[in-house]
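Q: Have a look at this one before I ask anything.
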Amino acid sequence: MVATNPYTLFGVDFGSNPGQRELIRQINEDPARKPVVFCVGAAGTGKTFAALAGALSLVRGKGAKKKYKTLFYVREPVEIGHRLGYLKGTEEDKYAPYLGPLLDNYNHLMQKARNEGVIPEKVRQPKKLKGILEDEDLMPKAYQKLPNDIVPLAPEFMRGRSFENCIILVDEAQNLTLDELQTLVTRIGEYTKMVIIGSPNQIDIPGMDEENNAFMTAYRILEPTGLVGYVELLNPMRSSFVADFDLRFVEYKMAHKKGK
């Protein structure tokens, strides 16, 4: 009998990339021992893609091991300093444009699965999306394209909630404030895993930079508890030159800052 490679998910082999392999390993750790995982990496290192694959493989698991019921996707709606309230419409209308990275990664993952002959379980699109909208016809198109086991949430609307039996994927966390990160990690209930992903060198919030930001401060605050993991992804996945491009911008910005 051929052993199953635990790092091959949806037809994609994540085992050959040390950072992605470690990220998936920590996502699979018992949430009672490691409820929070911080993942750091530059643009193009496959942070969201690997985390989504690892989380979704658990949410869609079968049998007695299936304890995670939902994958919540949280992303701060910040672009060049603007926040959610600058856009017109309902909460869903405002948040829908920020689901592009999630949809891109999900569609890419499913395409890989089809190409490799891995047939994922068909996910029915519900008439009601986890209580967010009653009428399917009123859902923004981005929401309609999501399967019913992935639920998007803006961090501004998480205060007061408690999450159980789920995985919470927090993307672009470098744009969160310390108060927002505190709110997020204190929402964790029974059998819940939170994966916090960020690129400290791509911060869009005035007053924070790669050396001084809430994302890394939150990790340093929580690290002594022994309950949080840390993974850094280094290998570029998009193309061979992306890492060099990113580094050149970082070096320029750091030199410009010191020169002021």
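Bear in mind that the values in this text are calculations on the coordinates, not laboratory data. None of these values were measured; they are calculated from a predicted model. With ideal geometry, Cβ positions are generated from the backbone for all residues, glycine too; neighbour counts draw on all protein chains shown.
Q: What number comes out for the charge environment of Gly226, summing +1 per Lys or Arg and -1 per Asp or Glu over other residues with Cβ under 10 Å away? All intermediate terms of the calculation are to be shown ahead of the outcome.
A: Details: positive: Arg33, Lys34; negative: Glu223.
Its environment carries a net charge of +1.
Q: Could you please rank Ile197, Ile221, placing first whichever residue has the fewest other Cβ atoms within 10 Å of its Cβ? It would help to have the intermediate numbers written out before the result.
A: On the way: Ile197 25, Ile221 15.
Arranged by neighbour count, lowest to highest, Ile197, Ile221 become Ile221, Ile197.
Q: Could you put Ile188, Ile150, Ile205 in order, starting from the residue whose Cβ has the fewest other Cβ atoms within 10 Å?
A: Details: Ile188 19, Ile150 22, Ile205 16.
Ordered by Cβ neighbours within 10 Å, fewest first: Ile205, Ile188, Ile150.
Q: For a quick check: sort Cys39, Cys166 by the number of other beta carbons within 10 angstrom, fewest at the front. Each step should come with its number before you reach the end.
A: Working: Cys39 29, Cys166 23.
In order of increasing Cβ crowding within 10 Å: Cys166, Cys39.
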